[in-house]
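Input: a single structure, listed below in structure tokens.
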Amino acid sequence: MLSLGSGGGKSTKPSFVSYVTPEDMKIKEKEEGLKRSKHPDLLPGEVVFCSANHVLKYTQDDVSQHGVYGTLLCTNFKIAFISDETSSQETAPPFRNKLLRENDIPLTCVDHIYGVNDEKKKLIIGCQVKSKYPSKLIIQCKDLRVFHFSLTYAKEEEAKKIFQGIVHHSLEPKSLKCVFAFSYCETASPSQASRKRSLTSMFETKEDWSMELGRTKGNCKVSSANEHYVISEKLPQFFVVPFAVSDDDILRFLGKGIPFWCWSHHSGCALFKMACLPAIQEDGISQKYMHRMLDAVTQDQLCPVKVEDLSSCLPALQDLQLSYNKFKQLFLIDSTTEFWVSDMKWFSSLENSGWLEIIRQCLVKAVEIVDCLESAHTSVLIVEEHCSDLCCVLSSLVQIMLDPYYRTRSGFQSLIQKEWVAGGHSFLDRCNHLYQKEKEVPAPVFLLFLECVWQLLQQHAPAFQFSETYLTVLSDSIHIPLFSTFLFNSQHHRDTAMKPGHPEAQRSPLNFPSVWDWSVQFDCKAQSLFTNPLYVEKPIQDKTLRKTSHQKHQRQLSLPNALSKPSPKKGFFKEETDNLKKIFLGKRIGKWLNPTESSKELYESWQRKPLDYQGLLLPCLDGPAIRVWIQRYLRWVPEAQIFGGGSITTVNRVLELAGEIQNLQKEVDRRSCRMNSSIAWTPVYSGPPLSARLSSFPFTAMHAWSFKPAIPSSIRQSLGSVSSLADKEDDDCQVSGVL
């Protein structure tokens, strides 16, 4: 067994070795040949640090504390529990991840660890672990799974080392080189580590940006001023800016105060984002600089510009993290008793968390920006301190609502690459992969974006090519320490980390897999569940009609009514420049347009028109319309499941009917001697009958839970009769429609 240190004696703190580097992994892997033969499922570069036999894993379906015995081990990738019982194929989870089994927890997915002694639950804090170990271990995960392990029956030395090892490798600060991806990429074969090319645009080259600029008919230029990161390490090497922005402008404040292009509307207006200027003493210089930048936007787009300062209308990152911490506690259920106790005040707790309200605020602001672009034909400049957090959320949502390309799977992935990865979102710090709390503010910013997208998906499912399961898996992949997409704070950070450790080292740079290569995690059958069977594709026009309709739908380089209306007066640009100055000087100003009333009118007008799933898409923003993402948050809670029911059953039934229609069409074609069917269909899922499915399908196995959760007798007695329970209000909190 690989020891973590002395692990014994009267020491109050285990003497762990220093950070484990990929070079150390190679040496240890050779020494662990026999151990690897016992664990054939280890990935390339994965090394077992410690393990303990005779560990009891409790189940959560009742309060009887039943469970299964097995081996608990900790590697440089995950915490894993290997049951002593052999599982049959029938009881296996229907949706298997190649990297992780049902009882595997990536180290970066560990949220909190609790120790239980004498029925007392205590939060375990890294760097404060003593030589003692608890009799029971509770691990709460960032994907909201909860594991209960009893160390009572394990050997004392094994129990001590597995407890100290899990806490050390999951809760204590670590260096980036300790992340499993580095060990994996150095050990895996080139075919395993290489990135599979797909339709997803990575926005790493000048050609990627040029293609996107051409697709949207944007009237801007691709800048190479930051090639080789000579100006800023936070910016990508290539980006799009207005023609009037020079390389000297970009260099002057290291990319701050530059209007970066995001997307162009067919009317000629465009969406831009900007990072605030650094604090400087000479206001005259900053005002003159800002005046030039705003003029650069207006000259290219030939339309007015509205400035949106996100710091004055959306919560701060600290408030975002605080709200989510309250929200997730509703789903981290330890036992059946705790579930029914929390259920009595569930709606009031949900409202007090404020998480759904934050989601609604983001959607409201996105609709306001859409209104400016779609109705007022006004360019929008989104301003944020670093232009890499909530700015990414808003710019991405706006493009999803306006551009149907971003509602396809490849388009959605390209959008994340453009706005988040190339946009410099600090995934490493915001996700807290290294557990360095004092360095940056952790906040679920990307999860907030996925939440907003899910709201759009559940309101307008036929408009999206990808499914709810796809979004859930994507949210889980954030916490798998293997993909370059979510491991770094910028493209420069990634490129630097991928280089050899020493200049004289004779090896090529590391090649981290991208999360978009889904074959790393799932086989083709599982990936087919990422496709939404309700998706309404854009109809293919007849060739004879294309020429007449092409000009109508073609994106324009300027306003369609630019010839009929005179160009705006120069004084208008000056007025907007003055407003921009006030924003950068920290003064809040009144909006020149009432976005609330205008957005409401836009939504009502949009509702009156026939719904076009390949056109503009707007969410309903009423309180009951903003719901809880059931699949993500309740999939691990047995008591919340609907046996043979739920929305997923409806989707699967539609899927099966579509498959039957395809088979009938093929039979008709065969009998009419037309062997080439015009319908191209890929079966999405062939699994157990609908009556055997759970509402949490496809993430849970049926054998793990009882399908008729009963209220514990102690809770039932305190609640009174069934009739009185039905009449009982939830803390007088009238909340409806959130599920």
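The values are calculated or read from the model by the stated rules, or taken from the named source; none is laboratory data. Note that this is a predicted model, so its numbers are computed, not measured. Cβ sites come from the backbone with ideal geometry, for glycine too, and all protein chains shown count toward neighbours. Remember, those area values only see protein heavy atoms, side chains included, never the ligands or the DNA or RNA. Shrake-Rupley method; radii C 1.70, N 1.55, O 1.52, S 1.80 Å.
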Quick check: Cα centre of the stretch 326-345 to Cα centre of the stretch 236-272, how many Å?
47
Expressed as a fraction of 2.2 N^0.38 Å, the rule-of-thumb size for a compact globular protein of N residues, what is the C-alpha radius of gyration of the stretch 343-426?
1.30
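How high is the FRET efficiency from Cys620 to Asn117, r the C-beta distance, R0 41 Å, rounded to 0.05?
Efficiency, from the Cβ-Cβ distance: 0.25.
Let me check I have the definition right: for the stretch 150-259, take the eigenvalues of the Cα gyration tensor, multiply each by 5, take square roots. What are those semi-axes in whole Å, largest first?
Working: eigenvalues 440, 78, 31 Å².
Listed largest to smallest, the semi-axes of the stretch 150-259 are 47, 20, 12 Å.
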At a probe size of 1.4 Å, how large is the accessible area of Ser508, to the nearest 10 Å²?
80
Simple spin-label estimate for Ser672/Glu207, 7 Å along Cα→Cβ, in nm, reads 4.3
Less than 19 Å from a label point 7 Å out along the Cα-to-Cβ axis of Val536: which backbone N atoms in the stretch 459-484 qualify, by residue?
459-468
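Once the Cβ-Cβ distance between Lys499 and His291 is put in as r, and R0 is 30 Å, what FRET efficiency do you end up with, to the nearest 0.05?
Details: r = 41 Å, r/R0 = 1.37.
Using R0 = 30 Å, I get an efficiency of 0.15.
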Cα-derived Rg to Rh of the stretch 219-312, Kirkwood definition
0.95
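Kindly sort Met293, Met211, Met344 by accessible area of their heavy atoms, largest first, with the probe set to 1.4 Å. Walk me through the numbers on the way to the answer.
Numbers: Met293 5, Met211 140, Met344 80 Å².
Largest to smallest exposure gives the sequence Met211, Met344, Met293.
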Compute, for Phe238, the solvent-accessible surface of its heavy atoms (probe 1.4 Å) with the complete set of protein chains present, and express it in square angstrom to the nearest 10.
20
How do Arg409, Arg632, Arg670, Arg627 rank by accessible surface area computed with a 1.4 Å probe, from largest to smallest?
Arg670, Arg627, Arg409, Arg632
Between Asp319 and Arg215, 0.36 nm times their residue separation minus their Cα-Cα distance comes to what?
33.7 nm
At a 1.4 Å probe radius, which order do Asp622, Asp429 fall into by accessible area, largest first?
Asp622, Asp429
Would you mind getting the accessible area per residue of the stretch 94-150, heavy atoms of the protein chains only, 1.4 Å probe, in Å²?
45
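At a threshold of 8 angstrom on Cα-Cα distance, excluding pairs fewer than six apart, so keeping six or more, what relative contact order does the stretch 284-368 reach in percent?
On the way: 25 pairs, mean separation 26.2, N = 85.
Reported as a whole number, the value is 31 percent.
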Quote the charge dipole size of the stretch 271-372 about the Cα centre in Debye, to the nearest 20; the model charges only the Cβ of Lys and Arg (+1) and of Asp and Glu (-1).
80
Three principal axis extents, largest first, for the C-alpha atoms of the stretch 387-529, in Å?
54, 36, 25
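So how much slack lies between Ser348 and Glu85, counting 0.36 nm per residue of separation and subtracting their Cα-Cα distance, in nm?
Extra length from Ser348 to Glu85 when fully extended: 90.5 nm.
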So the FRET efficiency between Ser410 and Leu251, C-beta based with R0 = 35 Å and rounded to 0.05, is 0.50
Work out, step by step, the length gained on full extension between Glu601 and Asp334: first 0.36 nm times the residue separation, then minus their alpha carbon distance; give nm to one decimal.
91.5 nm
